[in-house]
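The values are calculated or read from the model by the stated rules, or taken from the named source; none is laboratory data. As the structure is a prediction and not an experimental result, all values here were calculated from the model. Note that we place each Cβ from the backbone using ideal geometry, even for glycine, and neighbour counts take in every protein chain shown. In case anyone asks, the SASA skips ligands and DNA or RNA and just uses the protein heavy atoms, side chains included. Shrake-Rupley method; radii C 1.70, N 1.55, O 1.52, S 1.80 Å.
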Amino acid sequence: MTRRLIILGTGGNCFDIVDAVHAINAISPRFDIAGFLDDAAHRQNSTVYGYPVLGTLPDACRWDNCDFVNGIGSPANFFRKDQIIATTGLSADRFATVIHPSSAVSKSAVIGNGSVLLANTTVCAGATIGCHAMVLPGTTVSHDCRIGDHVCVASGVVLCAGVTAEDLCYLGAGCTVLGGRTVGQGALVGAGSVVVRDVAQGTVVCGNPAAFLRTVQ
Ligand SMILES: CC(C)(COP(=O)(O)OP(=O)(O)OC[C@H]1O[C@@H](n2cnc3c(N)ncnc32)[C@H](O)[C@@H]1OP(=O)(O)O)[C@@H](O)C(=O)NCCC(=O)NCCS
């Protein structure tokens, strides 16, 4: 029995979610994609990536008997991802977890409700990932890492053992966080950076070694 699925957002990550769902369904049919919800006026009544845009996020509660998954979360809005999802008015149990079948996820890892793991992600023993997190292709989450709620982990990130990524932070493409370090709540690590010391909440750091650039706004 498949579940209808609605994807929040129409950005590139959302199309990657469509591909992940197709890959899941190719093994065992699980979801029937109904379409997208997006607040952008120019997206309304359009079709993107083969599926209709059904309305805006506040329209979500009109859709009974289906699951949702969030694909919104970019360097421009990551720090308010919780507020964006809250505009749907949906309860936590309405969200599905989408894991691309090419991912390698340890039996002892815990993945929270509504989170997305895209192609070729690796989540090692004892790692935990919170709710509404998004992990983009080719990322490695080493053993005993703790990824909070609403975290965005871009493509090709390497989190060494025991890293903590607090709620609402953004780890830019290809960055590396050394073992045991903490990236604070709502912080952003720039693409390709190497984090060698803890990152303060609400700050942007970049470079190798990663250094303070500015505060998040
Ligand atoms: C870190 C980041 C947010 C900075 O953006 P910004 O505030 O607009 O900063 P600017 O582009 O104006 O750059 C400011 C300075 O930081 C440097 N810089 C920017 N990003 C950098 C990075 N990732 N690593 C090293 N230095 C960086 C710039 O060269 C510039 O240096 P200068 O002042 O000496 O010329 C952005 O560059 C970034 O890395 N975003 C993440 C993108 C990403 O991972 N996307 C994933 C999509 S899949």
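Just one of the numbered conditions (1) out of contact with any Leu (no Cβ under 7 Å at 6 or more places or on another chain); (2) aliphatic (A, V, I, L, M); (3) farther than 26 Å from Ala200 by Cα; (4) open to solvent by 40 Å² or more (accessible area, probe 1.4 Å) is not true of Val110: (3). Taken together, the residues in the stretch 80-101 that are open to solvent by less than 60 Å² (accessible area, probe 1.4 Å) and within 16 Å of the ligand (Cβ to nearest atom) amount to 2. Quick one: how many residues across the stretch 125-137 are within 15 Å of the ligand (Cβ to nearest atom) and open to solvent by 40 Å² or more (accessible area, probe 1.4 Å)? Number satisfying all stated conditions: 1. Close contacts from the stretch 25-44, counting a first residue that is farther than 20 Å from Asn65 by Cα and a second that is of a type outside the set (Asp, Glu) and part of a strand (DSSP E or B), with Cβ to Cβ under 7 Å and a gap of 6+ residues or different chains, come to Arg43/Val53; Gln44/Val53.
Selection of the stretch 197-214 for residues being of a type outside the set (A, V, I, L, M), surrounded by 13 or more Cβ atoms within 10 Å (Cβ to Cβ) and more than 8 Å from the ligand (Cβ to nearest atom) yields Asp198, Gln201, Gly202, Thr203. Only one of Ala104, Ala119 is within 16 Å of the ligand (Cβ to nearest atom), surrounded by fewer than 18 Cβ atoms within 10 Å (Cβ to Cβ) and within 25 Å of Pro29 (Cβ to Cβ); which? None of the others qualify; the one that does is Ala119.
Looking across the stretch 185-196 at every residue that is in a loop (DSSP other than H, G, I, E, B) and within 15 Å of Ala133 (Cα to Cα), the one that is most open to solvent (accessible area, probe 1.4 Å) is identified as Gln185. With respect to being over 20 Å from Ser103 (Cα atoms), away from the ligand (no atom under 12 Å from the Cβ) and buried (at least 18 other Cβ atoms within 10 Å of the Cβ), Val177 fits the description.
Across the stretch 122-158, the qualifying residues are those that are without any contact (Cβ under 8 Å) to a residue 60 or more places away in the chain, touching a Lys or Arg at 6+ places or on another chain (Cβ under 9 Å) and not in a loop (DSSP other than H, G, I, E, B), and the one among them that is nearest to Gln217 (Cα to Cα) is Ile129.
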